[in-house]
Amino acid sequence: MNKNSHFFDEPLVNSQIKAAIVKKYFWAWAKVIMPNTQKLAYIDLFAGPGRYQNGSKSTPLLVLESAIADPKMSQMLVTLFNDIDENNVRSLQTAISEISGIENLKYKPQIYNEEIGQKIVGLFEKMKLIPTLFFVDPWGYKGLSLRLINSVLKNWGCDCIFFFNYNRINMGVNNAAVEEHISALFGEERAATLNAKLNGLPPNKRELTILEELAEALK
């Protein structure tokens, strides 16, 4: 069983807020992009099962429903969803197939079951992407990297929303067992510098330091 398999048992307040933010931003972004392109895309590499255990919709379903509700968008939007958990993938496939009007989308949603790592990043780096909104919300930090974010942002009209799990990353910064993932997120040199800076800092200053380093890394 995947260690985060219970994450979608209930739509916690934070998860509901995240879903609402992504849905609202997606539509605002799309309205700006649509007049200037024939196709646009939404990619979610950590998509989850589509529904929480109590039946509430998560982000993939909300985005697809927004597209279906707009005649023009329904003929332009390309969607790609991925999750490493096979159970999530099967659940997502079922949830998407049950959306009212899903057959009206010109481009059928593509769903994959892949681990996000250097192979996937390499593919994105080589591709010339159509305008794409890229959503990255890993359970912790594995799979989230500067290369991954930059592999999408390189092309016109592309944008990225990612959620920074401070608690998980804070625990991982000084943990040698996950050094590879922290280095992928901050960059190897910056991760080493951050590790040294955090020694002995109180929690409030530790949080500020981590966020400042991330902001610098993303410039």
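The values are calculated or read from the model by the stated rules, or taken from the named source; none is laboratory data. Owing to the predicted nature of the structure, the values given are computational and were not obtained by experimental measurement. All Cβ positions, even for glycine, are placed from backbone atoms using ideal geometry, and neighbour counts span all protein chains on display. In case anyone asks, the SASA skips ligands and DNA or RNA and just uses the protein heavy atoms, side chains included. Shrake-Rupley method; radii C 1.70, N 1.55, O 1.52, S 1.80 Å.
Are any residues in the stretch 53-88 under 17 Å from the mean Cα position of the chain (by Cα) and more than 16 Å from residue 22 (Cα to Cα), and if so, which ones? Steps first, answer last, please.
Of the stretch 53-88, the ones under 17 Å from the mean Cα position of the chain (by Cα) are 57-64, 78-85, 88.
Answer for the stretch 53-88, where residues must be under 17 Å from the mean Cα position of the chain (by Cα) and more than 16 Å from residue 22 (Cα to Cα): 78, 82, 83, 84, 85, 88.
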Enumerate the helices (runs of 4 or more DSSP H) found wholly within the stretch 178-218, keeping only those where 1 or more residues are within 14 Å of residue 167 (Cα to Cα) and basic (Lys, Arg).
-> 203-218
Give me the pairs: first residue in the stretch 55-74 and more than 16 Å from residue 136 (Cα to Cα), second residue of a type in the set (Val, Ile, Thr) and open to solvent by 20 Å² or more (accessible area, probe 1.4 Å), beta-carbon distance under 6 Å, and six or more apart or on different chains, which are they?
-> 74/68
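Go through 165, 175, 170, 155 for me and flag whichever is surrounded by 14 or more Cβ atoms within 10 Å (Cβ to Cβ) and more than 18 Å from residue 45 (Cβ to Cβ).
On the way: 165 fails: more than 18 Å from residue 45 (Cβ to Cβ); 175 fails: surrounded by 14 or more Cβ atoms within 10 Å (Cβ to Cβ); 155 fails: more than 18 Å from residue 45 (Cβ to Cβ).
Going through 165, 175, 170, 155 in turn, the sole match is 170.
Filter the stretch 202-219 for residues that are of a type outside the set (D, E, K, R) and open to solvent by less than 60 Å² (accessible area, probe 1.4 Å) and give the result. It would help to see each step written out before you state the result.
Step one: filter the stretch 202-219 for residues of a type outside the set (D, E, K, R), giving 202-204, 208-211, 214-215, 217-218.
Of everything in the stretch 202-219, those that are of a type outside the set (D, E, K, R) and open to solvent by less than 60 Å² (accessible area, probe 1.4 Å) turn out to be 202, 209, 210, 214, 215, 217.
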Filter the stretch 130-145 for residues that are at pLDDT below 95 and either small (Gly, Ala, Ser) or open to solvent by less than 30 Å² (accessible area, probe 1.4 Å) (or both) and give the result.
-> 134, 135, 136, 138, 140, 141, 143, 144, 145
In the stretch 35-44, residues that are within 18 Å of residue 113 (Cβ to Cβ) and surrounded by fewer than 23 Cβ atoms within 10 Å (Cβ to Cβ) total 1
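Would you be able to say whether some residue in the stretch 183-199 is surrounded by 15 or more Cβ atoms within 10 Å (Cβ to Cβ) and among the acidic types (Asp, Glu)?
Let us first name the residues in the stretch 183-199 that are surrounded by 15 or more Cβ atoms within 10 Å (Cβ to Cβ), namely 183-187, 190-191, 194-195, 197-198.
After this cut, where a residue has to be among the acidic types (Asp, Glu) as well, the list is none.
Within the stretch 183-199, not a single residue is surrounded by 15 or more Cβ atoms within 10 Å (Cβ to Cβ) and among the acidic types (Asp, Glu).
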